[in-house]
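Accompanying notes for the structure given below.
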Ligand SMILES: [Zn+2]
């Protein structure tokens, strides 16, 4: 059980990594709006080996080994005992298979108990103090992985996101806790990832069939034909967008960030999938948003973020057809008086995403809209379902204007450089669509990155260590974020 109701977390600490080697990019438009002196066209930033991120880690709170004494409790109670005091979750012997029918995309499903008190603990009875622990243990498949906190974002005592890296992995993992329900994505050193899914009062550790998901993503389509418009200024046949090195700074040294508010909707099938647990769906929405932020940070675009504007029930039951579902979402978003439009206006969201629980929609989605569409991408929509964040990140990439990998037909990149990246049966970024030619037999490892030649791929079993995760001038989806977020109407703020 999660026992942090009595905890109050007040201090928000951002541990900024990748500081020294990081250059912000911003579109010329943004620079005109906010800046000052002319800065030369961006030079190619030397690839920053993500392996070196740890070198610039500047935690102000030194790690220490926590010691928590708990009474001996039988393990079947799913409560931590003294021997497991640093472990974030313990496994139950409950048979998950008996509880739900899981789609084939879920390769392994285990019931776990998530102990958020490992991430937070009381500090000398001072509830106002956040604990200084920065490490915890993740027991997965018989191996104890050490995970070190990189930052924490607190929305409330029972509502926070904890970000950290598993030792040996260059990519961020995270746990989103919403009203004691937790969802998360965990990246292991060998390139594999696991999800934490809340469902009907229980939490499940899920190993995905990544290949199945990859095959599913190839089915997504862009419904709006203008997405591939070539006659827009800066379009595919136009001049490449002028990107400049940004030296935007906040007056008091805060971070200058662009944050895109997303309205998360769920229908009756999603609510059924979650066993009626609305908090579980809120936690899933949060982890979807966190997954985008993780990918942007991994891609050295950490100042471009999304946030959960609201999680709301949409009076709708999925038709079982994603095209139809998406059209309903678009209609409600674009029509005056529509439920989605009203909600978006009320909360200031610039994107809406619908979670459904239909089996055939669990691992892929569809996106509608792009940065070329007037009025600046106001009514973008993505359709996802309760499950992996992978499809959500992918579809949001489309909304930003990214297409699939170089050479993928039909081409859907909004800009010449904004293609995804896939490499010889070995690795694919978040925008790549599965390819029979490139992934004929084995798996193509999913890498939580937007394509960018400025980041080198790392990871033992991926086999691409030292390879840029993108091709200069062709596969640089990360570079479109400044333009996309501006088109969405997102204004920079110091935070
Ligand atoms: Zn796609």
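The values are calculated or read from the model by the stated rules, or taken from the named source; none is laboratory data. Quick caveat, the model's predicted, so the values are computed rather than measured. Every residue, glycine as well, gets a Cβ built from its backbone with ideal geometry; the counts of neighbours run over all protein chains shown.
When segment 235-265 is limited to residues that are in contact with a strand residue (DSSP E or B) (Cβ under 8 Å, 6 or more places away or on another chain), in a loop (DSSP other than H, G, I, E, B) and closer than 14 Å to residue 473 by Cα, the one that is modelled with the lowest pLDDT turns out to be 242. When segment 173-195 is filtered for residues that are touching a strand residue (DSSP E or B) at 6+ places or on another chain (Cβ under 7 Å), part of a loop (DSSP other than H, G, I, E, B) and in contact (Cβ under 8 Å) with a residue 60 or more places away in the chain, the ones remaining, listed by number, are 179, 189, 191.
Of all residues in segment 406-439, those being under 20 Å from the mean Cα position of the chain (by Cα) and either near the ligand (Cβ under 10 Å from one of its atoms) or assigned to a loop (DSSP other than H, G, I, E, B) (or both) number 9.
Can you tell me which residues in segment 294-329 are touching a helix residue (DSSP H, G or I) at 6+ places or on another chain (Cβ under 9 Å), touching a residue at least 60 places away in the same chain (Cβ under 8 Å), part of a helix (DSSP H, G or I) and under 17 Å from residue 365 (Cβ atoms)? If the condition is that a residue be touching a helix residue (DSSP H, G or I) at 6+ places or on another chain (Cβ under 9 Å), touching a residue at least 60 places away in the same chain (Cβ under 8 Å), part of a helix (DSSP H, G or I) and under 17 Å from residue 365 (Cβ atoms), then 295, 322, 329 are the ones that fit.
In this structure, does residue 192 turn out to be modelled with pLDDT under 90, within 16 Å of the ligand (Cβ to nearest atom) and under 21 Å from the mean Cα position of the chain (by Cα)? Show your work before the answer.
Details: modelled with pLDDT under 90: yes; within 16 Å of the ligand (Cβ to nearest atom): no; under 21 Å from the mean Cα position of the chain (by Cα): yes.
Answer is no for this residue.
Residue check: is residue 471 in contact with a helix residue (DSSP H, G or I) (Cβ under 9 Å, 6 or more places away or on another chain) and either closer than 23 Å to residue 392 by Cα or at pLDDT 90 or above (or both)? No.
Only residues that are outside any strand (DSSP E or B) and modelled with pLDDT of 85 or more were counted across segment 440-464, and they come to 6. When you check residue 300 against the structure, is it modelled with pLDDT under 90 and either surrounded by 20 or more Cβ atoms within 10 Å (Cβ to Cβ) or closer than 27 Å to residue 448 by Cβ (or both), yes or no? No, not satisfied. Here residue 170 meets the list (1) outside any strand (DSSP E or B); (2) surrounded by fewer than 24 Cβ atoms within 10 Å (Cβ to Cβ) almost entirely, failing just condition (2). For segment 395-405, filtered to residues that are within 11 Å of the ligand (Cβ to nearest atom) and part of a loop (DSSP other than H, G, I, E, B), the residue that is surrounded by the fewest Cβ atoms within 10 Å (Cβ to Cβ) is 403.
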